[in-house]
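Written below as structure tokens is the structure these notes are about.
Please treat every number below as a calculation from the coordinates, not as lab data. Note that the structure is predicted; figures quoted are calculated from it, not measured. Every residue, glycine as well, gets a Cβ built from its backbone with ideal geometry; the counts of neighbours run over all protein chains shown.
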Amino acid sequence: MSHDAAPNLDFAGTTPYEDYVQADVLTHLQHPRSEDPGEMVFLVTTQVMELWFTVIVHEWETATRALREDRLPVAMDALKRSMRELDALNASWRPLAQLTPAQFNAYRSALGEGSGFQSAMYRRMEFLLGEKSASMLVPHRGAPRVHAELEKALHEPSLYDETLRLLARRGLPVPQAVLTRDVSRKYEPSAEVEAVWASLYEGDQQGELVRLGEALTDVGELVWRWRNDHLLATRRAMGSKTGTGGSAGVAWLEKRAQKNVFPELWTARSHV
Ligand code: HEM
């Protein structure tokens, strides 16, 4: 082909780009509810974050399955992709990070009782991290597909459950009670699991299980950063007012943001 060949312009129907990306659908899903020009970026940032949640859930489900099947390199690749995606997710706070209360108030009432708390994809992320809670399905009773997906995720072992099962198969003393726990319940930290991580971290730093521990620690750190960036953006935009979702607002988010993801990976560090 010659170097100055121009792209094709002639397609019988919609373009192959459109057929693949569905950009026409995607770019017509923005329906602001106020006249305020600042609402558009609030809405689109929220939609962009939903898309990142979707990709990250995909990666963590891939990693969870691969761990179950003892395919550690496949799991590591998915976890590493998710780190870059979490970086991009966290960078998307930028347009909302410095809202003043007056700017936020200009469209806040248009949100009604709508709140990110009702995000089913965020809830699936939390479930994969081990933050299970059946009550988080309640808001989705009216949406059958979403509810069914969440219910399935509630009853499946999390990324962390599969990690601990893999450690047990590799001969590490993960307690039976942890391996056979009811996976639909929130994961509770265990002193024995903490000791397993501490013993691994004392050994070969290049070992594949230490690398897995570090990949999960990176994930945990980036999720913690998302929660804290959200908390800061909220504190700037609305101080200590109650949330549109009905919570105490910043005080409630502070408690959520304090929690460590994969707790023993953090506490084990004191014992190495
Ligand atoms: C400056 C803009 C924002 C403010 C002021 C804000 C405020 C809040 C508040 C007060 C809550 C607590 C629940 C409630 O009462 O509503 C909450 C929860 C939540 N928000 Fe936001 N939010 C903002 C932007 C976003 C964006 C862009 C997303 C992206 C999807 C998001 C996702 C979430 C999620 C997932 C929760 C639940 C967190 C959990 O369950 O721990 N928020 N938000």
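Data for the structure
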read-out: Spatial extent of region 62-165: Rg and Dmax, with the Cα atoms as the point set, Å; value: 17.3, 53
read-out: Region 225-239 versus region 50-93: alpha-carbon centroid distance in Å; value: 24
read-out: Among Arg235, Arg141, Arg227: highest mean-square fluctuation, GNM of the chain, C-alpha pairs under 10 Å; value: Arg141
read-out: Residue order, fewest to most surrounding Cβ atoms within 10 angstrom, among Glu194, Glu50; value: Glu50, Glu194
read-out: Furthest towards positive pole of dipole, Phe53, Thr14, Val41, structure part region 4-54, Cβ charges; value: Phe53
read-out: Cα pair count fraction exceeding 24 Å, expressed as % - the chain; value: 57
read-out: Spatial extent of region 21-89: Rg and Dmax, with the Cα atoms as the point set, Å; value: 16.4, 54
read-out: 0 to 90° range, to nearest 10: angle between helix 72-91 axis and the chain longest Cα axis; value: 40
read-out: Neighbourhood charge, 12 Å Cβ-Cβ cut-off, centred on Thr234 and excluding it, Lys, Arg +1 and Asp, Glu -1; value: +4
read-out: Summed side-chain charge close to Tyr17 - residues other than Tyr17 whose Cβ falls under 15 Å, Lys, Arg +1, Asp, Glu -1; value: -4
read-out: Within a Gaussian network of the chain (alpha carbon springs, distance under 10 Å), most fluctuating of Arg65, Arg170, Arg84; value: Arg170
read-out: Charged-residue dipole, Cβ positions (Lys, Arg, Asp, Glu), the chain about Cα centre, Debye nearest 20; value: 980
read-out: Tilt relative to the chain, helix 39-68 - C-alpha long axis, 0 to 90 degrees, to 10; value: 30
read-out: Under-19-angstrom lysine pairs by C-alpha in the chain, whenever the two are 8 or more apart or on separate chains; value: 8
read-out: The chain: most fluctuating residue of Trp93, Trp252, Trp60 per GNM, C-alpha cutoff 10 Å; value: Trp252
read-out: Kirkwood hydrodynamic radius over Cα pairs of region 97-249, then Stokes diffusion coefficient at 4 °C and 1.567 mPa s, in µm²/s; value: 72
read-out: Only Lys, Arg (+1) and Asp, Glu (-1) charged, at Cβ; region 1-106 dipole about Cα centre in debye; value: 500
